[in-house]
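First the structure, which I've put down as structure tokens, then a few questions once you've had a look.
The values are calculated or read from the model by the stated rules, or taken from the named source; none is laboratory data. From a predicted model like this one, the values you see are computed outputs, not experimental measurements. Ideal geometry is used to build each Cβ from the backbone, glycine not excepted, and the neighbour counts take in all protein chains shown. Protein only, heavy atoms only, side chains kept; ligands, DNA and RNA dropped before computing areas. Shrake-Rupley method; radii C 1.70, N 1.55, O 1.52, S 1.80 Å.
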Amino acid sequence: MEVSPDTLEWRDAYKLLIGSILPRPIAFVSTIDENGIANAAPFSFFTAICADPMLICFSPMRRGTDGAKKDTLVNIENTKQFVINIVSENMAKQMNDCAVEFEPEVDELDVAGLTKETSLIVKVPRIKESLVHLECELYQVLDFGDKPGAGSLVIGKVLNIHVKDELLQNGRIDTAKLQPIGRMAGNTYTNPLGKTFDIIRK
């Protein structure tokens with residue numbers, strides 16, 4: 001079967017993307033608005049870019065109802081700061097609770113019962129229940145359309161990394177202790193440690 005994206009309604013194109021690009025890591029992004037109200041939302045279009053400078057990126061899509069920017073993107077554009085909180089299996093439910101489209105004045109961290117923790121450099125709080133935090137300043141935003149189904153690429157420069165002491169082994173993060181989860185299609189998530197195998201690079 002051959003499928004031309006130009007012939008698809010955006011929701012159908014989205015389903016093909018999330019059904020084939022997987023598992024996807026989750027950026028649980030905390031931000032604050034100009035009044036200091038905290039926001040937290042998960043994004044599974046997320047990856048690293050490079051190590052020097054240390055850059056990461058994630059892609060918030062436009063709201064499916066009216067094409068408006070999501071609160072996370074608005075906050076980042078206004079404050080130029082955010083924190084990526086890595087999601088472990090033990091906080092999956094709270095992360096999912098924050099995926100609801102709340103009104104901007106609602107503090108998702110309070111609603112989900114998550115704990116704010118002061119960051120070292122940025123003003124944005126990190127999520128205490130997360131075992132790894134990346135404090136970021138905005139490096140660049142690239143916008144791709146302004147209608148439902150469109151989105152932006154947010155590039156952040158990592159200013160500081162918090163890692164729980166018990167995770168670090170000789171400068172490397174112990175994945176078994178981190179217990180990260182990944183996003184599949186629909187409502188399905190995966191623990192990538194369920195079945196793993198090694199291949200030595202030639």
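Working only within the stretch 158-195, note down all residues that are under 23 Å from PHE82 (Cβ atoms), of a type outside the set (A, V, I, L, M, F, W, C) and either free of Cβ contacts under 8 Å to residues at least 40 places away in the same chain or in contact with a Lys or Arg (Cβ under 8 Å, 6 or more places away or on another chain) (or both).
HIS162, LYS164, GLY182, ARG183, TYR189
(1) over 28 Å from ASP165 (Cβ atoms); (2) in a strand (DSSP E or B): which one isn't true of CYS136, the others all being true?
Of everything listed in (1) over 28 Å from ASP165 (Cβ atoms); (2) in a strand (DSSP E or B), CYS136 misses just condition (1).
Given the residues ILE84, ILE76, ILE18, which is the only one that is surrounded by 13 or more Cβ atoms within 10 Å (Cβ to Cβ), in contact with a Leu (Cβ under 6 Å, 6 or more places away or on another chain) and assigned to a helix (DSSP H, G or I)?
ILE76
Same structure again: Would you check if there is a residue in the stretch 142-151 being more than 30 Å from LYS69 (Cβ to Cβ), touching a Lys or Arg at 6+ places or on another chain (Cβ under 9 Å) and loosely packed, with under 15 Cβ neighbours inside 10 Å?
no
Go through the residues of the stretch 114-126 one by one and say whether even a single one is among the basic types (Lys, Arg), in a loop (DSSP other than H, G, I, E, B) and on the phi > 0 side of the Ramachandran plot.
The answer is no; no qualifying residue exists.
Another question about this same structure. Scan ALA112, ALA51, ALA99 and give me the residue that is touching a residue at least 40 places away in the same chain (Cβ under 8 Å), open to solvent by 30 Å² or more (accessible area, probe 1.4 Å) and of a type in the set (Gly, Ala, Ser).
Answer to the selection: ALA99.
What are the residue pairs meeting all of these: first residue in the stretch 1-24, first residue farther than 21 Å from SER44 by Cβ, second residue part of a helix (DSSP H, G or I) and not acidic (Asp, Glu), Cβ atoms under 7 Å, and 6 or more apart or on different chains?
Note: pairs meeting the criteria are VAL3/LEU16.
Additional query: Only one of PRO60, PRO23, PRO104 is open to solvent by less than 80 Å² (accessible area, probe 1.4 Å), within 16 Å of the chain's Cα centre (by Cα) and modelled with pLDDT under 95; which?
PRO23
While we're on this one: Within the stretch 120-157, can you find the residues that are closer than 23 Å to GLN179 by Cβ and either over 14 Å from the mean Cα position of the chain (by Cα) or free of Cβ contacts under 8 Å to residues at least 60 places away in the same chain (or both)?
PRO125, LYS128, GLU129, LEU131, VAL132, HIS133, GLU135 - these are the residues of the stretch 120-157 that are closer than 23 Å to GLN179 by Cβ and either over 14 Å from the mean Cα position of the chain (by Cα) or free of Cβ contacts under 8 Å to residues at least 60 places away in the same chain (or both).
Out of ALA13, ALA40, I need the residue that is open to solvent by less than 60 Å² (accessible area, probe 1.4 Å) and in a helix (DSSP H, G or I). Which one?
After applying the criteria, what remains is ALA13.
Something else about it: Within the stretch 150-181, take every residue that is among the small types (Gly, Ala, Ser) and in contact with a strand residue (DSSP E or B) (Cβ under 7 Å, 6 or more places away or on another chain) and give me the one that is farthest from LYS15 (Cα to Cα).
Of everything passing the filter in the stretch 150-181, GLY156 is farthest from LYS15 (Cα to Cα).
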